[in-house]
Amino acid sequence: MSKRIYIFDTTLRDGEQSPGASMNLEEKIRVARQLEKLGVDIIEAGFPISSVGDFESVKTIAQSVNNVRIAGLCRTNFEDIDRAWEAVKYAKNNAIHTFIATSDLHLEKKLKKTREEVYDMAVAAVKRAKSYTDWVEFSCEDASRSDMDYMCSVVEAVIDAGATVVNLPDTVGYAEPFEFYEFIKTVINKVPNSDKAIFSTHCHNDLGLGVANSLAAIKAGATQVECTINGIGERAGNASLEEIVMALRTKPKAFDGAYTNVNTKEIYPSSRLVSKVTGLAVQVNKAIVGQNAFAHEAGIHQHGVLADKRTYEIMDAESVGIPENKLILGKHSGKHALRDKLISMGFELTDTELQAVFIKFKELADKKKIVYDEDLETIVNEGNSSYYDKYTLDHISLSTSSDGYPTATIKLTTTTSEILDSGIGIGSLDAVFKTINKMTPEDFTLEDFNIKSVTGGTDSLGMVRVKIADEKGNIFTGVSSELDIVMASAKAYLKAINKLAYAKSKN
Ligand code: KIV
Ligand code: ZN
């Protein structure tokens, strides 16, 4: 009998815990909207008690993303639960996700609690959460290393207390598919009231088995999986959403007809967006969304694919939203053609947004012979900033030679004045950044700086991503793509500084 599998997306919570992956509010809202379009069932939008920023983003997503359930994570203490509720209560469909570890290792070393104490905390937490919302998820952290009898007693008690979903994570990615199948099956069979809850899993990828373990859990009776776009997450990451969804779709019989509600054509746009806003590149040979996932190099393969795609392809690139026609508009293309192309790529823009994208597209098309889908995607994703810009880059020139120091001369306009300055550095970009530092009084440290070519080739757009942190550790990112990487670097740096200045002006 076929069964519906709920996709619980935790890109914005566990995914954001990937080292270096933090996103700002605007980026999180864009990701949440894209996940809604993708058709996930639940978005775990953050961990509201962990910071004011997390609280605000969960709350804003709850207020603005309507067609999907919004969950907030919390530990079992009441302050955490209340804070989670304060953030998710704005969503039409909300959920509180509370968790505590059940393995003896975590109890003894981390929580310093007895089994009885943890049992009581779990039950009390679920009751408290249930007093706020109908949809309460309880997770036994480190479930796969917990004592089976003890963990089952906790599971039974939380279901009695009102848990809607019981999640059994492989927190440290230690399980393997055969034992994990038995593990999930045993819990479902052993817990007398298991038919009153949805069973879920959440697998980490430390041994590269996150997806395999999630699929084993589905086979064993779980009807919810927790996963992330591109598999990002703590350490080696979480099970990747796109791999689970496409495995179910490509081999339904192997999973007894299990299916999801995901609109698979939105997988690739989601992957690109998450990669862009987190700065975490997708490995080229990554299944489903990697650059090489549908590429054929060997002549014998190319010949086969030309004769019949099925010889070497088990899925259609288009079914995951990879546009077949990579080559697109040129400098003579008009706004209508641009709009049609963007719609085919999944972007529906307002007239004002389209106009802004059109101007950038024309500028690029004038300089570059071919404008690819990736170029357009970059322009769209960078174009819709709602920040008020304190600094605008008016002019930049650079002199450099094989001996001596590169010198940058920069002119910025602020709301009240024009500033001109120059400075030297040990390299061209160092000179640019140091000069901008002299011209802007904001206090911050550079956390990350990354340059990537958008389409490959020397005439490719260079995409620069800069991350800065203020004195409280708040992160601000700036992304800019230009044919000239010095220009892109200066613009990305200024975007990040503008965001920081904007945040300061709001406090
Ligand atoms: O990995 C884990 O166990 C978690 C829980 C909070 C669900 O992320
Ligand atoms: Zn996790």
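A single entry from Glu226, Glu179, Glu242 fulfils the requirement of being of a type outside the set (Gly, Ala, Ser) and within 16 Å of ligand 1 (Cβ to nearest atom): Glu226. Residues in the range 493-507 that are open to solvent by 20 Å² or more (accessible area, probe 1.4 Å) and either part of a helix (DSSP H, G or I) or of a type in the set (Gly, Ala, Ser) (or both): Lys495, Lys499, Tyr502, Ala503, Lys504, Ser505, Lys506.
Filtering Leu393, Leu412, Leu398 for residues that are under 27 Å from Lys28 (Cβ atoms), at pLDDT 85 or above and in contact with a helix residue (DSSP H, G or I) (Cβ under 8 Å, 6 or more places away or on another chain) leaves a single hit, Leu393. Just checking, does the range 15-31 include any residue being part of a loop (DSSP other than H, G, I, E, B), within 15 Å of ligand 2 (Cβ to nearest atom) and of a type in the set (Ser, Thr, Tyr)? Yes: one or more hits.
A Cβ distance below 8 Å, combined with a sequence gap of six or more or placement on separate chains, defines the contacts here; from the range 416-428, residues that are without any contact (Cβ under 8 Å) to a residue 60 or more places away in the chain and not assigned by TED's automatic domain parsing to the domain that holds Met487 reach no residue that is surrounded by 11 or more Cβ atoms within 10 Å (Cβ to Cβ) and part of a loop (DSSP other than H, G, I, E, B). Listed conditions (1) open to solvent by 20 Å² or more (accessible area, probe 1.4 Å); (2) more than 16 Å from ligand 2 (Cβ to nearest atom) are all met by Ile61, apart from (1). Restricting the first member to the range 57-80 and to residues that are over 22 Å from Ile475 (Cβ atoms) and among the hydroxyl-bearing types (Ser, Thr, Tyr), and the second to residues that are open to solvent by less than 30 Å² (accessible area, probe 1.4 Å) and at pLDDT 95 or above, the beta-carbon pairs closer than 7 Å and six or more apart or on different chains are Thr76/Thr98; Thr76/Ile100; Thr76/Ala122; Thr76/Ala125. Taken together, the criteria place Ala124 among residues that are touching a residue at least 40 places away in the same chain (Cβ under 8 Å), under 27 Å from Ala84 (Cα atoms) and either assigned to a loop (DSSP other than H, G, I, E, B) or away from ligand 1 (no atom under 12 Å from the Cβ) (or both).
Residue count for the range 1-26 under the criterion of being open to solvent by 10 Å² or more (accessible area, probe 1.4 Å) and more than 16 Å from ligand 1 (Cβ to nearest atom): the result is 10. Filtering the range 132-145 to residues that are surrounded by 24 or more Cβ atoms within 10 Å (Cβ to Cβ) and either away from ligand 2 (no atom under 16 Å from the Cβ) or over 13 Å from Ser103 (Cβ atoms) (or both) leaves Val136, Glu137, Phe138.
Ala431 meets each of the listed conditions (1) of a type outside the set (S, T, N, Q); (2) surrounded by fewer than 18 Cβ atoms within 10 Å (Cβ to Cβ); (3) under 17 Å from Lys491 (Cβ atoms) apart from (2).
For a quick check of your reading of the model, give me the residue pairs whose first member lies in the range 371-382 and is over 18 Å from Val289 (Cβ atoms) and touching a residue at least 60 places away in the same chain (Cβ under 8 Å), whose second is in a helix (DSSP H, G or I) and open to solvent by 20 Å² or more (accessible area, probe 1.4 Å), with beta-carbon atoms closer than 8 Å and at least 6 apart or on different chains. Qualifying pairs under 8 Å: Ile379/Lys360. Taking first residues from the range 137-150 that are assigned by TED's automatic domain parsing to the domain that holds Ala101 and more than 28 Å from Ile70 (Cβ to Cβ) and partners that are within 9 Å of ligand 1 (Cβ to nearest atom) and assigned to a loop (DSSP other than H, G, I, E, B), the Cβ contacts under 9 Å between residues at least 6 apart in sequence or on separate chains come to Arg145/Thr171; Arg145/Val172. Checked against (1) open to solvent by less than 60 Å² (accessible area, probe 1.4 Å); (2) more than 29 Å from the chain's Cα centre (by Cα), Leu420 passes all but condition (1). May I ask you to list the residues in the range 288-315 that are open to solvent by less than 70 Å² (accessible area, probe 1.4 Å) and modelled with pLDDT of 85 or more? Of everything in the range 288-315, those that are open to solvent by less than 70 Å² (accessible area, probe 1.4 Å) and modelled with pLDDT of 85 or more turn out to be Ile288, Val289, Gly290, Ala293, Phe294, Glu313, Met315. I'd like the full set of residues that are open to solvent by less than 30 Å² (accessible area, probe 1.4 Å), at negative phi and within 16 Å of ligand 2 (Cβ to nearest atom), limited to the range 32-51. Listed by number, the residues that qualify are Ile42, Ile43, Glu44, Ala45.
Checked against the criterion of being within 11 Å of ligand 1 (Cβ to nearest atom) and β-branched (Val, Ile, Thr), the candidates Val158, Val172 yield just one match: Val172. Within the range 1-14, the only residue that satisfies the criterion of being within 12 Å of ligand 2 (Cβ to nearest atom) and more than 12 Å from the chain's Cα centre (by Cα) is Phe8. Whenever a residue of the range 473-492 is open to solvent by less than 30 Å² (accessible area, probe 1.4 Å), its partners that are assigned to a loop (DSSP other than H, G, I, E, B) and among the aliphatic types (A, V, I, L, M), lying with C-beta atoms within less than 7 angstrom and at least six residues away or across chains, give the pairs Ser481/Val454; Ser481/Leu461; Glu482/Leu461. The listed residues are Lys37, Lys28, Lys59, Lys3, and the only one of them that is basic (Lys, Arg) and under 22 Å from Leu215 (Cβ atoms) turns out to be Lys3.
The values are calculated or read from the model by the stated rules, or taken from the named source; none is laboratory data. Just so we're clear, the structure is a prediction, and the values are computed from it rather than from any experiment. Glycine also receives a Cβ, built like all others from the backbone with ideal geometry; neighbour counts cover every protein chain displayed. Calculation scope for accessible area: heavy atoms of the full protein, side chains included, ligands and nucleic acids excluded. Shrake-Rupley method; radii C 1.70, N 1.55, O 1.52, S 1.80 Å.
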